Each structure stands twice: as structure tokens, then as C-alpha cells.
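The values are calculated or read from the model by the stated rules, or taken from the named source; none is laboratory data. Remember, predicted model here, so these are calculated numbers, not experimental data. For neighbour counting, all protein chains shown are included, and Cβ atoms are generated from backbone atoms with ideal geometry for every residue, glycine included.
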Amino acid sequence: MSETIHIYTCPICDNSETEPLLTCKDNFATDEEFNLCKCSKCGFGFTQDFPSEKEIGRYYESPDYISHTDTNKGIINWLYHQARKIALKSKSKIVLKYAAIKTGSLIDIGCGTGYFLNHMKRMKWIVTGIEQSEPVRRIAKEKFGLNVQDADYLFKIPENKKNVITMWHVLEHMEHLNKVMNQLYKILTDDGIAVIALPNKNSFDAAHYKSSWAAYDVPRHLWHFSPSDLKLLANKHKFDVVAIKPMYFDAFYISMLSEKNKKTFAGSFVGLCKGWIFFLLSLTNTKRCSSLVYILKKQK
């Protein structure tokens, strides 16, 4: 029997009472179903009885998991690559806008195949990546010549060492949420920034797709955030959220994947059309955008 993690208390507010949220299917690897719950006090969402770190690896073993395989196969993955080219510029602009310095030491946690790291390396930043998957680390090293370490490296970094920490859709995957946040605080310089991108469970597309919403991505996504959730977690670890930025393109990609989950006829086209609707709606209310980027600084 596989080892699973049961959440007895909310990792944000320590409340022990939970409420059922949804039941979602693993549409990438196993077709298993997982229950989503939320804290009855603060509303933070999580996947209940998720696989432990020792067991989770097999749930990433799919040719469809693009951040690990770099595949171009299919229209959804092709569009992902096109959007990523644009997103790299957007991500670097966020770093340059909020960082205290224009070049320095940057670590990208969950760097995948290394595209963002390589982009920042070209901009003269001293970059290091962390990636749990050994085959993916190898791709990043061979493709871009990057310094990419395994997951344990995060807890070997000296205090006050990094000017910028980035996590692009990574924190929701990490089992030891509070331990990670505590370490981010330690390794960041006093004037540094942490940039954390997360799916938004309060988004227009999440409300529309419900259990078929691709960004629930069970059991790989353990935690399910809204803007208020992330602010509570940040404050708990002595961070202030100084800005929240929308990731508009995610609405298209997530909608296309969600229609695929529903096995919709011509799902890519339907998802693309709905993505436009969610994109336009999010222009009027950015806090209901499909994904959000949070910029954190240490509290003074």
C-alpha cells in the first residue's frame, strides 16, 4: 500500500476542522481520484491523503507533463512553448522591477528544463536552479550549461545569500510548506525578493470548470491557493506581499487542458475560446485571474 499524507491541521492557521471541497481525477498519469478539502476557518485548500515524497514520483511520469519532458507534441504543448517565449520576458521584467539590484544572485526553485534560468543568465545574473527530477536536471545542464542542484540543496544554502528567489508554479507541489517558507526567509537577503507564481483557486476559470479545472492537477498539486491564502502564509513567515501580478496567458492553456479533461469534442478550440472569455473577465478583476504572481519582501 502506498504511503500517503493526511492533513489534520491547516498549515496556515492550525485549525483542525476541514470541509470537503471537490473530488478530482488525475488526468495525466493514473486516473485515480483524490479529495480536495478546505480549512473551515481560513478557507485554504489542499489535496487530502496525497502521496508522500517517496511515492509522488510516478505521478509525474507522463509524456504530457511538459515542464519535465519539454515536448512539442500536440497543439496544447506547441502553444505552451509559444506562450513561454512571451512569459520569459514578462517574468524577467517582474524581477528587474522589484529587485533592489539589476544583477545579482538568483535561485529558481523547481527550475524544470531551465528556460527561465538561462534567460536570466543571459541578463548577467548569477543563477542556480533546484530541480527534484534527475533526468530533468540533466536536460537543463546539457541544453543550457546551468548549475542545477537536487531538492536537498535548498536547505544547504547559507543565510542571507540570495537576492532573488523565484518559484514559478512550484510551491503548490512542495510537501513541507512551512519548512520551505521558513527557509526562503533565511536565505533571502534583507532587501531581496521572493517571486512566487501560483494557480488561483478563486479564478473565473476555476469557478467554471470546478473538478475538471486543470490547475487542481491532483495529486501533483498539494495546496490550492487564493490571494488571501498566500498573504496569510506570507505574513506567518514574516513576509509582506508587496505586489500581485496577473498571468493572463494561463487562462488559455488551463482552459484547453480543462476541456481535454472533460473530453470535449474539439476541446482545444473550445478551451481557446473560453480562455479568451476568462482573459477578458480578468482584465476587470485581476485577483480572479487564472494564475497570479506574488512578490514578497521581508517585513521590516
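Points worth noting:
- Taken over the stretch 241-283, the criterion of being surrounded by fewer than 21 Cβ atoms within 10 Å (Cβ to Cβ), of a type in the set (D, E, K, R) and more than 16 Å from the chain's Cα centre (by Cα) is satisfied by Lys260, Lys262, Lys263.
- Filter result for Val170 (β-branched (Val, Ile, Thr), in contact with a Gly (Cβ under 6 Å, 6 or more places away or on another chain) and at pLDDT 95 or above): yes
- Test for Asn147: is it free of Cβ contacts under 8 Å to residues at least 40 places away in the same chain, over 29 Å from Asp229 (Cβ atoms) and out of contact with any Gly (no Cβ under 6 Å at 6 or more places or on another chain): yes
- Scanning the stretch 1-45 for residues that are surrounded by 13 or more Cβ atoms within 10 Å (Cβ to Cβ), of a type in the set (A, V, I, L, M, F, W, C), without any contact (Cβ under 8 Å) to a residue 60 or more places away in the chain and assigned to a loop (DSSP other than H, G, I, E, B) gives Ile7, Cys10, Ala29.
- Among residues of the stretch 242-262 that are modelled with pLDDT of 95 or more and hydroxyl-bearing (Ser, Thr, Tyr), those with a beta-carbon under 7 Å from a residue that is assigned to a helix (DSSP H, G or I) and surrounded by fewer than 21 Cβ atoms within 10 Å (Cβ to Cβ) at least six positions away or on a different chain give the pairs Ser258/Ser212.
- Scan of the stretch 223-238 for residues that are in a loop (DSSP other than H, G, I, E, B) and surrounded by fewer than 24 Cβ atoms within 10 Å (Cβ to Cβ), ordered by number: Ser226, His237, Lys238
- Any hit, the stretch 287-299, residues being more than 22 Å from the chain's Cα centre (by Cα), more than 21 Å from Phe28 (Cβ to Cβ) and in a helix (DSSP H, G or I): no
- Answer residue from the stretch 101-129, given it is small (Gly, Ala, Ser) and within 23 Å of Tyr60 (Cα to Cα) and is surrounded by the fewest Cβ atoms within 10 Å (Cβ to Cβ) among those: Gly110
- So Ile157, is it surrounded by fewer than 21 Cβ atoms within 10 Å (Cβ to Cβ), more than 30 Å from Pro51 (Cα to Cα), touching a residue at least 12 places away in the same chain (Cβ under 8 Å) and touching a strand residue (DSSP E or B) at 6+ places or on another chain (Cβ under 8 Å): no
- Top-ranked residue of the stretch 64-115 - restricted to ones that are basic (Lys, Arg) and modelled with pLDDT of 70 or more, ranked as farthest from the chain's Cα centre (by Cα): Lys102
- Scanning the stretch 187-211 for residues that are surrounded by fewer than 16 Cβ atoms within 10 Å (Cβ to Cβ) and within 22 Å of Lys231 (Cβ to Cβ) gives Asp190, Asp191, Ala207.
- Checking each residue in the stretch 133-146 for being surrounded by fewer than 15 Cβ atoms within 10 Å (Cβ to Cβ) and under 28 Å from Ala100 (Cα atoms) picks out only Gly145.
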